[in-house]
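Since the structure comes first, as structure tokens, the remarks are kept for the end.
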Amino acid sequence: MYVLEYRLGDDGDTIHHRLEKISYIVGSGQHTNSHIINENGYLYQAPVTWYTQEKRWDLAPGFKENNSRFGRWLTDECITCHNHLPEQVPGSMNRFSKMPTGIECERCHGPGKLHVEEKLRGLVVDTAKQADYSIVNPRRLPRDLQMDLCQRCHLQGVAVLNEGKTFFDFKPGMRLSEVLNVYLPRYTDSHEHFIMASQADRLRMSECFKNSPELSCITCHQPHRSVEITPASQYNNACLKCHATNACTEKPELRASKSDNCVACHMPKSGSTDIPHVRITDHRIGLPSQRDKSAMTTTIAPQKKAFLGIQNLTKPNPSPLDMARGYLAMHDKYIASPVMLDSAAFYLSKSKEKPEQLLPVKVHLMFLKQDWEGILAIKFPDGMKLDAWTAYRVGEACMNKGYAESALHYYDLAVQDYPLHLDFLRKKALRYWP
């Protein structure tokens with residue numbers, strides 16, 4: 001499969017021609033198929049997607065607003081949700097030496113080496129009677145850890161890694177907040193609209209979830225079976241564990257028109273705000289008559305969409321520094337608005353962390369504000385090692401103020417940590433340009 005980009009001149013002749021080979025197709029095909037281009041191990045998203053429900057091609061999500069053509073990197077953050085764990089080339093952002101072709105067992109069950117070794121030695125456990133502690137069985141985890149496992153990939157938002165962590169570090173049975181935090185922007189109409197992979201967030205909004213301590217994703221879903229071949233009875237039976245068959249007050253003719261399917265009324269399909277041409281199940285379980293009522297207390301009229309702030313969905317009590325980092329990441333990845341920077345500055349002013357933790361975030365904020373003088377005025381503690389991104393941002397401040405030799409020093413520090421980061425290398429190379 002190939003993608004052709006071309007441009008015609010005024011006379012109809014082709015004045016631009018670019019043909020790229022597709023190396024990987026991503027997605028189950030239930031909603032979309034997206035496409036990956038491999039250039040010497042560096043992965044990029046192709047700018048077109050196949051929308052399977054409408055059987056049509058269109059620009060990939062986000063490309064209508066920001067068409068990066070063939071330049072959208074696919075980093076470990078992207079790949080580790082849509083695939084099993086690849087082998088990333090050290091010192092790069094989007095270069096990989098080995099790419100699995102699908103989700104494997106260890107993503108949900110954890111490392112399997114001990115499990116295999118015990119079975120090969122004949123240590124077999126009757127799991128109908130007791131737990132096999134050589135492998136993770138998600139059903140035996142407490143609900144909060146079950147949810148953390150599922151929402152590693154089914155809680156779309158802005159993910160911010162903890163210091164020293166990578167997207168490869170989370171293992172089933174861990175708390176997701178040990179590795180990263182996920183943030184979502186909240187608006188006055190957030191109860192009505194949702195993004196594609198927000199199943200965990202929407203489920204938590206449900207009264208069923210709040211009032212049923214045992215309800216989790218695997219109450220309804222069999223992870224080893226595609227939803228395309230799961231009978232409706234499996235989902236209805238999950239509802240009937242708590243709700244009597246005669247509890248539904250809808251008219252018999254309406255129930256008959258929905259084949260007596262609980263999900264059809266209480267979890268209807270809807271379009272998402274971020275992916276065009278798809279309809280997905282809304283995992284916020286609710287009464288049809290209440291779906292137009294606000295679930296949030298606000299003095300702003302619901303019809304006037306207004307930004308309320310961001311919410312940390314993985315840590316109940318995030319620190320001010322957590323929130324500052326969340327707002328900066330929201331600005332970088334999702335909403336480039338001065339509101340995000342002002343909010344980051346507010347929380348940063350409340351933070352009491354050590355300089356080693358505080359200063360990189362402060363540099364990040366100043367970088368986004370293009371406050372080059374502020375960055376250069378910072379005095380880093382003796383012996384403090386700058387991470388690659390902080391070094392790069394200080395280098396940019398030096399270049400913008402005309403301190404080329406100092407800029408090269410900081411670009412060198414960035415390249416030392418990421419010797420295959422193409423943007424860092426380009427910045428360093430431009431420093432030598434006449």
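Rule-based calculations on the coordinates, nothing more; no lab input. None of these values were measured; they are calculated from a predicted model. Please note: Cβ atoms are built from the backbone with ideal geometry, for glycine as well, and neighbour counts cover all protein chains shown.
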With a Förster distance of 35 angstrom and the Cβ-Cβ distance between Asp169 and Asp274, calculated FRET efficiency to the nearest 0.05 equals 0.85
Helix 388-400: angle to the longest alpha-carbon principal axis of the chain, degrees 0 to 90, nearest 10?
-> 40 degrees
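Just check the range 1-104 against the gyration tensor rule for me: Cα atoms, a ≥ b ≥ c as the square roots of the eigenvalues, rounded for a/c under 1.5, and otherwise prolate or oblate depending on whether a/b exceeds b/c.
Details: a/c = 2.33, a/b = 1.48, b/c = 1.58.
Oblate, because a/c is 1.5 or more while a/b does not exceed b/c.
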For Glu39, other-chain or 5+-apart residues with amide H closer than 5 Å (H placed, Pro excluded) are Tyr44
How much net charge surrounds Pro252 when only the other residues with a Cβ under 14 Å from the Cβ of Pro252 are counted, with Lys and Arg +1 and Asp and Glu -1?
-> 0
Unit charges at the beta carbon, dipole of the chain: most positive-side option, Cys217, Leu430, Leu254 = Leu254
Expressed as a whole number of Å, what is the distance separating the alpha-carbon centroids of the range 313-342 and the range 78-110?
-> 26 Å
Span from the the range 4-51 Cα centroid across to the the range 242-265 one, whole angstrom = 45 Å
Calculated FRET value between Arg18 and His84, using beta carbons and R₀ = 35 Å, to 0.05 | 0.70
What is the count of Lys pairs in the range 199-291 whose alpha carbons sit under 21 Å apart, if the two are 8 or more places apart or on different chains?
-> 4
Looking only at the range 270-285, which residues have a backbone nitrogen under 20 Å from a spot 7 Å from the Cα of His243 in the C-beta direction?
-> 270, 280-285
Surrounding charge for Thr32, neighbours by C-beta under 11 angstrom, Lys/Arg +1, Asp/Glu -1, total -1
So which lysines can Lys428 reach, going by Cα to Cα under 19 Å and dropping same-chain residues fewer than 8 places off?
-> Lys401
Spin-label point model (7 Å from Cα, Cβ direction): what's the Leu358 to Arg143 distance in nm?
-> 4.0 nm
What is the spin-label model distance, in nm, from Lys113 to Trp57 if the labels are put 7 Å beyond Cα along the C-beta direction?
-> 4.5 nm
How are the Cα pair distances of the chain distributed, in percent, across 10 Å bins from 0?
-> 4, 16, 26, 26, 18, 8, 2, 0, 0
By a straight-distance test (C-alpha under 28 Å), which lysines pair with Lys113 as possible cross-link partners, with residues fewer than eight away in the same chain excluded?
-> Lys98, Lys129, Lys165, Lys171
Summing Lys, Arg as +1 and Asp, Glu as -1, what charge do residues with Cβ under 13 Å from the Cβ of Tyr2 carry, Tyr2 excluded?
-> 0
With a Förster radius of 30 Å, plug the Cβ-Cβ distance of Ser406 and Val339 into 1/(1 + (r/R0)^6) and report the FRET value to the nearest 0.05.
-> 0.40
What residues have an amide H closer than 5 Å to that of Thr32, excluding those fewer than 5 places away on the same chain, when H is modeled at 1.01 Å from N in the peptide plane?
-> Thr52
Name the long-range amide H neighbours of Ile310: under 5 Å, sequence gap of 5 or more, or other chain; modelled H, no Pro or chain starts.
-> Arg186
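Using just the helices of the chain, give the 222 nm mean residue ellipticity in deg cm²/dmol: DSSP H runs with n ≥ 4 each add -39,500 (n - 2.57), and the total is spread over all residues, rounded to 500.
After summing the helix terms and dividing by residue count, I get -9500 deg cm²/dmol.
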Between helix 355-369 and the chain: long-axis angle, C-alpha atoms, 0 to 90°, nearest 10 | 80 degrees
Among the range 7-34, those whose backbone N falls under 19 Å of a label point 7 Å along Cα→Cβ from Ser226 are 24-34
